[in-house]
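The values are calculated or read from the model by the stated rules, or taken from the named source; none is laboratory data. As the structure is a prediction and not an experimental result, all values here were calculated from the model. Note that each Cβ is placed from the backbone with ideal geometry, even for glycine, and that neighbours are counted across all protein chains shown. SASA here: full protein model, heavy atoms, side chains in, ligands and nucleic acids out. Shrake-Rupley method; radii C 1.70, N 1.55, O 1.52, S 1.80 Å.
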Amino acid sequence: MLFEDMVLGRSFEDMCAQMYYRGKMFGFVHLYNGQEAVSTGFIKYLKEGDYVCSTYRDHVHALSKGVSARAVMSELFGKATGVCRGQGGSMHMFSKEHGLLGGFAFIGEGIPVALGAAFKTKYEKEVLKNDKADAVTVAFFGDGTCNNGQFFECLNMAALWKLPIIFVVENNLWAIGMSHYRSTSDPEIWKKGPAFGMPGVHVDGMDVLKVREVALESIARARRGEGPTLVECETYRFRGHSLADPDELRKPAEKAHYAARDPIVALKNYLLEHKLADEAELKSIQKKIDDLVEDAVDFADASPLPPRSQLLENVFADPKGFGIGPDGKYRCEDPSFTAGTAQV
Amino acid sequence: MALNKMFGAIRGRAPSQKLARISSQMQSPSSLRSFCAAAKEMTVRDALNSAIDEEMSADSKVYLMGEEVGEYQGAYKISKGLLQKFGPDRVLDTPITEAGFTGIGVGSAFYGLKPIVEFMTFNFAMQAIDHIINSAAKTNYMSAGQISVPIVFRGPNGAAAGVAAQHSQCFAAWYGSCPGLKVLSPYSAEDARGLLKAAIRDPDPVVFLENEILYGEAFPVSAEVLDPSFVLPIGKAKIEREGTDVTVTAFSKMVGYALKAAEILEKEGINVEVINLRSIRPLDRATINQSVRKTNRLVTVEEGWPQHGIGAEICTSVVEESFDYLDAPVERITGADVPMPYAANLERMAVPQIEDIVRAVKRACSRSARGK
């Protein structure tokens, strides 16, 4: 299962790169190659009903959380069948049914929002007296975000109010071209957890089994109500920051070092060594995923572009923006309410 | 007494825009006082407090969070008594982390809670504006309708008294330009109650711009207003005072100034129609244009900065829709194009005063060929 999910992530992202260079995808696209162990290691051990909040590097988080490859690919192509009907794009994947709280373009923006979902769980339990409320939220973000004020604000409040959240730092050592060591006074991010009163764990993010160990423990901890955990995953992105990034500043030696620690290859070797699977099985999984991704591309290609009428839709949940009347229904549906202004 | 019967008759049917129409037919709030000996007075502070109290009682998903809202009873005492009534789980004192707690509020609203986020002033909301715009306003659109954000951001906006540049900015124009937000600005106690209740019940993010100076001002309120299901429509302006010669639009504190200016001008034979905008976004262009088509002259009043302000938008709306009806160029009265100075005399010069409104109205009236 882990292997399949990681292969899905990798194949999908590789296909994205191909599609981008063929002109089918546009705008900002940030690929996750190399970091699959983190996404798979955490998300596959969440329950349905748990929440994931991500950044602009969110395709694989969406896939791991259960959004179909077709929906994600269509969204990237900007088609009406995408997970957000083409209105979000690569950086803004939202899925209410899968508990994907979104990809956020501003770094650090997703962390307080994730904390809000964790807060909601606690509120449900304590105020609304729903004993079954035990959803855990996982917030993914990068090393650059750990220098942002919102990160620290959230560490403080999460520990203060004992919220069921796991802060997962995908430390891939680089912002765009800014090395983590050049921008951070103390580069060991996991140390910042205990400063706020929560455990800080450092784990090798290229090894999905190690990530799984930490994930299971921190998820259980949060579900028990013991509060947040800060997990620093040492990982690496094999491609540039985005598809527009020429990636010139990273030394080839460093890239080679981490390429040798490719999480998919590592897991494959582990499975073969411990006879948990054989070559043929793994090959068939790879083929299955390749077919799935191809199918997603075909589906997205064949999907229609959003219709013109979709431009003005969904600005407000309330159809015309006039709010709710005293009878609890939308005011614009009240026949005696004159039309007014909320139209273009 | 006839008035009481009228209100009684309406209460059965409840659509409160009828109430707004009827009360607009009266000359001014002071005449209301002379009719209803039974009419109560309520300060804006109590109006807001009662609105939050009632909505929190009615729906356990509503909660309040902000700095000093709990044990301190609210920085401006708006949340007085709420901690005692609802407990610390629903009235949260936050650390001084606007970005953080606004984000928490937005995140909890994604999945169905209904937070009221109080900013000590909207100036501090600038530290959280990323979440107000990017996480709250845009989310329903970005997720194609999957995730709506039923959150209210409220707090005092605009100039207070002597609080200088970083505490005195008016944010109506900034938030009013953002699609995905509803922006409301009450004037009277009735506005405060009705609009805040509407905002809390609303499924979309609402920016609720109050005014610190108005908190202590008392306004007469009818029994209709005090009813727990009293709600005002979002997107409808109120004609506070009917007139025939010139239309003056204003919101928040400036409505009071405009009404006083209207009384002064009445003595000089100029009959002013004062529109209380109530809703900055959606802006009630229909009411404004209808009024200008009647009076043929327009003066817009606001406390904020002139460039790209509310008055600019209203002027454009009127020029686009009612150009042929204008007998004189639109007059804009705004705050001075400077950060707010501290010295008391400079501050008075930086914000519109009643005399400025009077002068501008006279200018608008004397520019036309007919004169008046």
Can you give the mean number of other chain Cβ atoms that lie within 10 Å of the Cβ atoms in peptide B:89-96?
3
In 5 Å bins starting at 0, how do the alpha-carbon pair distances of the range A:40-95 split up by percent?
4, 23, 31, 23, 13, 6, 0
Long-range amide H partners of residue A:175 with built H, under 5 Å
A:180
Counting other chain Cβ atoms within 10 Å of each Cβ in A:325-333 and taking the mean gives 5
Output the 0 to 90 degree angle, nearest 10, between the alpha-carbon long axis of helix B:44-58 and the longest principal axis computed from the alpha carbons of chain B.
40
For residue A:202, residues with placed amide H under 5 Å, excluding near neighbours:
A:232
If you take the accessible area of A alone, add that of B alone, and subtract the area of the pair, what total do you get in Å², probe 1.4 Å, to the nearest 100?
4800
Amide H neighbours of residue B:63 under 5 Å, counting only residues 5+ apart in sequence or on other chains, H built in-plane at 1.01 Å?
B:114, B:116
Once the Cβ-Cβ distance between residue A:68 and residue A:259 is put in as r, and R0 is 41 Å, what FRET efficiency do you end up with, to the nearest 0.05?
0.85
So which residue, out of A:74, A:179, A:54, gets the largest mean-square fluctuation from a GNM of chain A using Cα contacts under 10 Å as springs?
A:179
Quick one: check the C-alpha center-to-center distance for the range B:172-195 versus the range B:79-135, whole angstrom.
17
Other protein chain Cβ atoms within 10 Å, averaged over every residue that makes up B:197-205
5
Degrees between helix B:285-295 axis and first principal axis of chain B (Cα, 0 to 90, nearest 10)
20
Count the DSSP beta bridges whose two residues both fall in chain A, then state the antiparallel fraction as a percent rounded to the nearest 5.
10
Under a crude label model (7 Å from the Cα following the beta-carbon direction), how far is residue A:195 from residue A:279 in nanometres?
5.1
Extension gain (nm, one decimal) between residue A:217 and residue A:48, 0.36 nm per residue minus Cα-Cα
59.1 nm
Using the Karplus curve 6.51 cos²θ - 1.76 cosθ + 1.60 with θ = phi - 60°, what ³J(HN,Hα) values do you get for each residue of the range B:274-282, in whole Hz, with x for Gly and Pro?
9, 10, 8, 4, 6, 10, 7, 9, x
Can you send over the carbon and sulfur percentage of the accessible area for the range B:125-204, probe radius 1.4 Å, protein chains only?
57
In order over the range A:136-152: 3J(HN,Hα) from phi, Karplus 6.51/-1.76/1.60, θ = phi - 60°, whole Hz, x for each Gly or Pro, gives 10, 10, 10, 10, 9, 7, x, 5, x, 5, 6, 9, 8, x, 5, 4, 5
Just to confirm, what accessible area per residue do you get for chain B at 1.4 Å probe, in whole Å²?
37
What ³J(HN,Hα) values, in whole Hz, does the Karplus curve 6.51 cos²θ - 1.76 cosθ + 1.60 give for the range B:126-141 when θ = phi - 60°, with x put for Gly and Pro?
4, 6, 10, 5, 4, 6, 5, 8, 6, 8, 8, 4, 8, 5, 4, 6
Quick one: grab Rg to one decimal and Dmax as a whole number for chain B, Cα atoms only, in Å.
20.3, 64
Between the range A:193-232 and the range A:98-142, what's the alpha-carbon centroid distance in Å?
16
Computed over chain B: longest principal axis from alpha-carbon atoms vs helix B:189-201 long axis, angle to nearest 10 degrees, is 50
Candidates B:246, B:106, B:338; GNM for chain B (alpha-carbon contacts under 10 Å) flags as most fluctuating B:338
